[in-house]
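Read through the structure below, which is laid out as structure tokens, and then see the notes.
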Amino acid sequence: MLDYVYPLYRPPSEAKSLIFQVTLGCSFNVCSYCNMYRTKEYVERSWDEIKIEIDLASKHMQDTNRIFLADGDALNLPTDRMIQILDYINQKFPKLERISCYAMPKNILEKSFDDLKKIRDAGLTMFYIGIESGSDKILKKITKGATSQTIIKACQKAKDAGYTISCMIILGLGGKTYTKEHIDETAKVLSITAPDYVGTLTLHLEEGIRDEFLTKFKEPFELIDDADALIELENLVSKMNPKSPVIFRANHGSNAYPIGGTFPEDKEAILEKISYLKEHPELCRPIGFRGF
């Protein structure tokens, strides 16, 4: 029904959400591990385009209760435009419960705290933030455009402004060489930030991005396998000690096995399950598992 400009991405938990592309592409778009928006130029869509799509969708989807603002950089919009969009969405969808979007650490830090509050009050309540790694060395190698400290500051700023935050990290992002540093530093960042949700993916280098990733890494890179991923996951879980409850999920289709729980009460149960899977590798990648 809506005239999407593909490719179109959304988090797994937004599978049933209505999506409005308020921006196209990503304003940064040089992270070496990500090719989601390499075929697009970054564009901030006009109000007229966005309004037409909201009007069209509202005529046919009045029961919508979740909306995701795409593409990868919606928060890069000027605050006034974002509030205009949010106000209109709330007028048109009376049963709405949540509006969310991806948010890069730099987007959050570039907004004033007052602007973040205004946007939150207008109805955008959840950010999906790619942490990827807590290691400054790895973040530099993958051209993330962030450091561990800017990630921590951005997450804290978002939480202080009242947002729910869901953070992603990527197992294997340091390869076999930097596996310890990657997990140790990532566990520190997650313990400090204590996101409402944490999801893990496992690194998969598609052909279109593989050479760039390896070139920017600037040293031999050996991908981890499922056994290594389980070890990284075990170490991450064992070293995470967040100051408030965190819903943890390793259920993306890239992972060896769907695992989840809530910190701190499920921590030991998660570790027991990982330990069991390490002893029974034949159970990994169950048939039909897609993580969605």
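The values are calculated or read from the model by the stated rules, or taken from the named source; none is laboratory data. Given the structure is predicted, the values throughout are model-derived calculations rather than measurements. Glycine also receives a Cβ, built like all others from the backbone with ideal geometry; neighbour counts cover every protein chain displayed.
A few comments on the model shown:
- Residue count, the stretch 125-146 (criterion: more than 16 Å from the chain's Cα centre (by Cα) and either more than 25 Å from Leu203 (Cα to Cα) or not hydrophobic (A, V, I, L, M, F, W, C) (or both)): 6
- Failed criterion for Glu14 (all others in (1) within 21 Å of Gly130 (Cβ to Cβ); (2) acidic (Asp, Glu); (3) more than 20 Å from the chain's Cα centre (by Cα) hold): (3)
- Scanning the stretch 4-12 for any residue that is of a type in the set (Ser, Thr, Tyr) and over 26 Å from Gly199 (Cα atoms) turns up at least one such residue.
- For the stretch 46-58, the candidate set comprises residues that are surrounded by fewer than 18 Cβ atoms within 10 Å (Cβ to Cβ) and among the small types (Gly, Ala, Ser); within that set, the residue that is nearest to Ala74 (Cα to Cα) is Ser46.
- Meets criteria (of a type in the set (A, V, I, L, M) and either at pLDDT 90 or above or surrounded by 14 or more Cβ atoms within 10 Å (Cβ to Cβ) (or both)) for Leu283: no
- Selection of the stretch 1-16 for residues being closer than 22 Å to Gly260 by Cα and either surrounded by 13 or more Cβ atoms within 10 Å (Cβ to Cβ) or hydroxyl-bearing (Ser, Thr, Tyr) (or both) yields Arg10, Pro11, Pro12, Ser13, Glu14.
- Conditions (1) more than 22 Å from Lys159 (Cβ to Cβ); (2) assigned to a strand (DSSP E or B): number failed by Phe68: (1)
- Positions within the stretch 106-157 being small (Gly, Ala, Ser), crowded, with 23+ Cβ neighbours inside 10 Å and in contact with an Asp or Glu (Cβ under 9 Å, 6 or more places away or on another chain), in sequence order: Ser133, Gly134, Ser135, Ala146
- Selection from the stretch 31-67 of residues that are within 19 Å of the chain's Cα centre (by Cα) and under 13 Å from Phe93 (Cβ atoms): Arg66, Ile67
- Taking the stretch 30-45 as the range and being assigned to a loop (DSSP other than H, G, I, E, B) and either touching a strand residue (DSSP E or B) at 6+ places or on another chain (Cβ under 8 Å) or buried (at least 17 other Cβ atoms within 10 Å of the Cβ) (or both) as the test, the residues that pass are Cys31, Ser32, Tyr33, Cys34, Asn35, Met36, Tyr37, Lys40, Glu41, Tyr42, Arg45.
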